[in-house]
Amino acid sequence: MSPTSRPEPADRHGPGARPVVDARRAPGPTRPGVLLSLSRVMYLGMVRDRTAVFFMLLFPLMFLLLFGALFQNDSTSRSTIAQVGEVEVLDQLSGEALRQVTQVLEIRKASDRAQALEDVRQGDVDAAIWQGEDGAVELRYSAADATRSGTVAGVVDSLVQNANVAATGQPPAYELHTARVEDESVKPIQFFTPGLLGWAIAMGASFMSALTLVNWRKKRILRRLWLAPVGPGSVVGARIGVSLGLAFVQLTLFLAVATIPFYGLQLTGHWWLAIPLVGCGTLAFMAVGLLIGALAKSEEAANGALQVVILPMAFLSGSFFPTEQMPDWLRLVSHVLPLKYLNESMMSVLSRGESWGAALPTMGGLLLFAGVLTAVAARLFRWDAA
C-alpha cells in the first residue's frame with residue numbers, strides 16, 4: 001500500500017447486508033474539535049505513562065539539581081600553609097592586605113618545625129614557612145600539587161618583595177593593577193541550566209513523537225485515523241501542540257529551580273527569547289523522532305535508536321561539559337549538531353545578555369533542519385506495521 005493511498009473499505013452490499021458508510025464521506029466534528037480531541041488523547045496517553053513523565057520531566061531536572069549543588073561554589077579552594085614561629089611578612093599584614101591574602105591562603109600556626117615539614121610530606125598542609133635567624137624567609141612546599149605550590153610560592157614571594165620595597169622607603173618603580181572579571185564569565189549554573197534544558201527538550205520531543213508514531217502504527221490507530229474524517233493537519237497539529245506544551249513546562253521548571261537563591265541563576269534582560277528558541281528546538285527534535293519513528297518497526301527499536309542519537313549528541317553539544325574541553329576533531333563533529341546551537345543560543349539569551357542576534361540565526365537553522373527531516377520522514381512514512 002502506498003503512503004498516499006487510502007485503504008478501501010470492503011464491499012458488503014448484498015442480500016441481508018447493511019450498507020457500509022464510506023468513512024471518507026461521513027461528516028465529522030469541526031477541525032478545532034478534532035484538534036482538541038486528539039490533543040487530549042495524546043496528553044492523557046503521556047501523563048498516564050509515569051515512566052515517560054519521569055524521564056522527560058523529572059530526570060533532566062534531577063541533573064540540574066545535582067550539578068547545580070555540586071558546582072555551586074566555583075572558586076578555587078584556599079591553600080593551607082603552616083607558619084612556624086614569627087614571620088614578619090605575615091604578622092604585619094592588616095586590613096585589606098590581610099583580607100586579600102586570606103582569600104588565597106589559610107595560615108595555621110605551628111610550634112614545631114619538624115612536625116610542620118612532616119605535615120607537608122603527608123599532604124596535611126600545602127607548605128610550611130618560618131623566618132631564619134638571618135631574617136630570611138624559608139618556604140618549603142609539597143611537590144605533589146604543582147598548582148597549589150605555585151600559588152603559595154607566588155603569594156609569599158609577592159609579600160617578601162612588598163616588604164623589601166617598604167623597607168627601602170622608596171616607592172616601587174612599576175605597579176601592577178589587577179581586577180577580577182569572573183562576573184562576566186559563565187558560572188556553572190549559567191552553563192548547566194541551558195545545556196541540560198536543551199537535552200531535556202531534545203529527549204522529550206524526539207521520544208514522544210517517535211514512540212507515539214510506532215505505537216499507533218502497531219495498534220493500527222494510524223489506519224483508523226486515515227479512514228476517519230480526520231485530516232493529517234489535525235493529527236500533526238495535535239502532536240505539535242502537546243510537544244510544545246511539554247517543552248514549555250520543562251522551561252518553566254528549569255528556570256524556577258535555577259533562579260532560586262541557592263542556585264542563583266541571574267536572568268538577563270532578553271531571557272524571554274528562550275521561549276521561541278525552545279519552540280524551534282522542539283520542532284527540530286520532533287522531526288528527529290518522526291524520522292526514527294518512520295524507520296523503526298517496534299517501540300524497542302525506536303527507543304534504542306533514540307538513545308544512540310540523543311545521548312551522544314548531548315555530550316558532544318555541551319549539555320554536560322563545555323565543548324572547549326573536547327579534542328579538536330570532536331569539536332568539528334559538534335558543529336553539525338543542532339543541539340549545540342540550541343544550547344549556545346539559550347546560554348546567550350539567558351546568561352550573557354545577548355538579544356535577537358544570538359537567537360534568530362539559530363531559530364532559522366532549527367526550522368530548516370526540522371523541515372528537511374520532516375520531508376524525509378514523510379517519504380518513509382508507513383500507515384501499517386507491515
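Each reported figure results from applying straightforward, stated rules to the coordinates on display, with no laboratory input. Since the structure is predicted, the reported quantities are computational estimates derived from the model, not experimental observations. Don't worry about glycine lacking a Cβ; one is built from the backbone with ideal geometry, like all the others, and counts go over all protein chains shown.
For the residues K218, K340, what sequence is obtained by ranking on other C-beta atoms within 10 Å, fewest first?
K218, K340
Is the shape of the range 275-328 rounded, prolate or oblate, going by the alpha carbon gyration tensor and its root eigenvalues a ≥ b ≥ c, with a/c under 1.5 for rounded and a/b larger than b/c for prolate? Kindly include the intermediate steps, with their values, before the conclusion.
Details: a/c = 3.30, a/b = 1.44, b/c = 2.29.
Since a/c reaches 1.5 but b/c is at least a/b, the shape of the range 275-328 is classed as oblate.
Modelled label-to-label distance, T168 and V249, 7 Å Cα→beta-carbon offset: nm?
7.1
Near K340, which lysines are there with a Cα under 29 Å away, not counting those fewer than 8 places off in the same chain?
K187
Suppose R0 equals 45 Å; then what is the FRET efficiency for L360 and A97 from their Cβ-Cβ distance, rounded to the nearest 0.05? Mind showing how you got there, number by number?
Values: r = 50 Å, r/R0 = 1.10.
Working from the Cβ atoms, E equals 0.35.
HN-Hα J couplings of the range 251-268 from phi, Karplus 6.51/-1.76/1.60, θ = phi - 60°, integer Hz, Gly and Pro as x?
The phi angles translate into 4, 4, 5, 4, 5, 5, 6, 5, 8, 5, x, 4, 8, x, 5, 9, 6, 8 Hz.
When the dipole is taken about the Cα centre of the range 228-386, and only Lys, Arg (+1) and Asp, Glu (-1) are charged at their Cβ, what size is it in debye, to the nearest 20?
My answer is approximately 220 debye.
Want the number for K109 to K218: 0.36 nm per residue separation, take away the alpha-carbon distance, what's left?
Length gained, K109 through K218: 31.8 nm.
By how many nm would the segment from R121 to T259 lengthen if fully extended, with 0.36 nm per residue of separation less the alpha-carbon distance? Could you put the intermediate results ahead of the total?
Working: separation 138, 0.36 × 138 = 49.68 nm, distance 4.36 nm.
Gain on extension, R121 to T259, equals 45.3 nm.
Take D157 and N303, extend 7 Å from each Cα along the Cα→Cβ direction, and tell me the distance between the two endpoints in nm.
In this crude label model, D157 to N303 measures out at 5.9 nm.
Just rank V349, V156, fewest to most, by other beta-carbon atoms within 10 angstrom.
Ordered from fewest to most neighbouring Cβ atoms within 10 Å, V349, V156 come out as V156, V349.
Decide, for the range 280-362, between rounded, prolate and oblate: order the square roots of the alpha carbon gyration tensor eigenvalues as a ≥ b ≥ c, take rounded if a/c falls under 1.5, and otherwise choose prolate if a/b is larger than b/c, else oblate.
The shape class here is oblate.
Quote to one decimal, in nm, the extra length available between Q325 and A375 on full extension: 0.36 nm per residue of separation minus the C-alpha distance between them.
Stretched fully, the Q325-A375 segment lengthens by 14.5 nm.
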